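Derivation of every value follows stated rules applied to the coordinates shown; laboratory data play no part. Computed from a predicted structure; not experimentally measured. In this analysis, Cβ positions are derived from the backbone assuming ideal geometry, glycine residues included, and neighbour counts consider all displayed protein chains.
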Amino acid sequence: MDNKTQINPNINNATVVNPQIGQATAINPSLTSDSAGIANGTILGDKYKIIEPLNATTGEADLYLCEADSVKYVAKLYRRQKAIKPETIRVLKSINSPYVARLYDTGTYKGKPYEIIPYYKNGSLQGKTFTLDGLKKTVIPCINEALKCLHEKGLFHKDLKPSNIMLRDYQKGVAIIDFGISSVVDKDNTVIVTQTGMTPTYSAPESLLGTYLIESDYYSFGITIYELFFGYTPYQNYSNEDRARFSALQSIPFPNETPEELKNLILGLTFRDLTHRNDKKNPNRRWTYKEVDNWLKGKKQVIPGEGTGINAENAIPPYTFLGAKYRDLPSLVSALASNWNDGKKQLFRGLLSGFFKSFNPEIAGFCMDAEEEATKNPGNDDIVFWDLLYRIYPELSGFYWLGHTYESLPALGREMLEKLWAKDCSDYDYWNSILKNQLLSKYLVKVKSNNDKLAKATAALESSYKINIGNRRALLMDYYTMAYLLSGQKLFAVGGKKLKSVPELAAYMKSLLDSSYEEFEAFCHSMIDYNDTLDVQLEAWLIALGKRNQLEVWRRNLSE
């Protein structure tokens, strides 16, 4: 059947579901004819003119393309008189997010309720697959923001899946649709008991037992990501009963070629045990908005129940820290580093050295050395604590400093670029502390990096920083240099575009000139001022592209 839903002409007025899909219902054409539905040309709500029925896959309503003021919409006519919950309508009308399908209007037609929602000409994500990079850019951030918006309004979607995610126009990401079985809770309630029919393939174990939480939407998010990458769901060929049993007892199975970072995300989103869901400091809980946002930024996180590196070598007796128990060095060190000030208290109050004395005298000695060093050199406690973290667990690969955690130096560089492009100054002091304490060079030694080129470049950058203290432009140049160096990205952000090369910049400038000489002239003045000083980002970008010598020749020519 080619993974498509087919209509059986021998069955009158019947709905036929393709078992290969298990999520989409095909509508018999006799149900969507003008006699059974809405005739073409009908005006709904004194505004929306019906153009034609849509060939859509939904089991609860018929969809029609309509138009008002030259803008196309979709009219969703439900088959049940009480299909739309009043409280859901109220919440949806209050939402104005690009990642949540807007509810423009509601009404009734021949006693049946209808909604007016956006028309997404590019269709849904059903049947589509994405690369990991495509998921990061197009799907995951949009859906994460959409779920945050819904949950802040007290709305649980309850049926997130590819067919309920639409491609927005002009390649601007995706949006969630279809709130037919959604539920609204009051601000003091985070759990609902429901028997509403979700799609079992994407449903969390607890929802199949009649309990739904915010985390349940994120479980569906994890399964959706899995399908959008692999083209199938984890338990696609299992019965609903077997699927429920396996999802409640084991972690999601992955093919061998699964990228590690994608696997970690899906494991975090589909973690089964919800015991610690309200303990934000306990890593053994299902991921929601914050953890997905951290993942997108490349920040290092403990994977709930998985990927914590527990083995005989780094297992430890339970250590209680901020109300959570840690049983292995990687997760304990990560927790200490993520909660920086509280972690320092554990060290400098002698709690860590006392803990390790009973079973690991070497680490206990490291802790006591750190306590003594901090006493001898007051004001150096952050550096002492930072150094200790990597001594306790030498395999620590993430970059940790002052409570900020990054999966790697490239993750730090990418975040720097985003903040610099947004002219966000909030982390300037943080970056200064990294450069002032020469942490980049020290980190490369600690993680035993063999990248000599990077080591030399970071050493040169740290030396440059010492000279440039007090020079605002020079410091900004150091920030851009650091961001380009660490991230490996060579993009120039201008006019809402990310340019990769000098020819692309030239083409952009030509487009400005063709459009408006005034715009072209303004752009040129923003790139080089009357003192022949280049824009900081432009100069750093050209150097990152290897154009330093050409810049020096250009400056010499100006001075002649």
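Among residues of segment 361-379 that are aliphatic (A, V, I, L, M), those with a beta-carbon under 8 Å from a residue that is surrounded by 11 or more Cβ atoms within 10 Å (Cβ to Cβ) and assigned to a loop (DSSP other than H, G, I, E, B) at least six positions away or on a different chain give the pairs Ala374/Asn380. Looking only at residues in segment 212-229 that are farther than 10 Å from Leu265 by Cβ and among the β-branched types (Val, Ile, Thr), the one that is surrounded by the fewest Cβ atoms within 10 Å (Cβ to Cβ) is Ile214. Determine whether segment 369-385 contains at least one residue that is in contact with a strand residue (DSSP E or B) (Cβ under 7 Å, 6 or more places away or on another chain), of a type outside the set (Asp, Glu) and in a helix (DSSP H, G or I). Among the residues of segment 369-385, not one is in contact with a strand residue (DSSP E or B) (Cβ under 7 Å, 6 or more places away or on another chain), of a type outside the set (Asp, Glu) and in a helix (DSSP H, G or I), which makes the answer no.
Yes/no matrix, rows are residues, columns are (1) closer than 30 Å to Lys453 by Cα; (2) not in a loop (DSSP other than H, G, I, E, B):
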| position | (1), (2) |
| --- | --- |
| Met509 | no, yes |
| Glu518 | no, yes |
| Glu521 | no, yes |
| Ser526 | no, yes |
| Gln537 | yes, yes |
| Ala540 | yes, yes |
| Gly546 | yes, no |
| Trp554 | yes, yes |
| Asn557 | no, yes |
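Among the residues making up segment 439-458, those that are of a type outside the set (A, V, I, L, M, F, W, C) and within 20 Å of Val384 (Cβ to Cβ) are Ser441, Lys442, Tyr443, Lys446.
When segment 271-291 is limited to residues that are under 21 Å from Asp133 (Cα atoms) and touching a residue at least 60 places away in the same chain (Cβ under 8 Å), the one that is surrounded by the most Cβ atoms within 10 Å (Cβ to Cβ) turns out to be Trp287.
Regarding segment 107-124, can at least one residue be identified that is crowded, with 18+ Cβ neighbours inside 10 Å, more than 23 Å from Thr288 (Cα to Cα), touching a Ser or Thr at 6+ places or on another chain (Cβ under 9 Å) and of a type in the set (S, T, N, Q)? Yes: one or more hits. In segment 403-455, counting only helices (runs of 4 or more DSSP H) that sit wholly within it, the ones holding 2 or more residues that are more than 21 Å from the chain's Cα centre (by Cα) and over 17 Å from Lys299 (Cα atoms) span 428-436, 439-446. For segment 404-411, the condition holds for at least one residue, the condition being that it is of a type in the set (A, V, I, L, M, F, W, C) and under 20 Å from Glu462 (Cβ atoms).
If you go through segment 476-499 and pick out every residue that is surrounded by 14 or more Cβ atoms within 10 Å (Cβ to Cβ) and not in a strand (DSSP E or B), you end up with 15.
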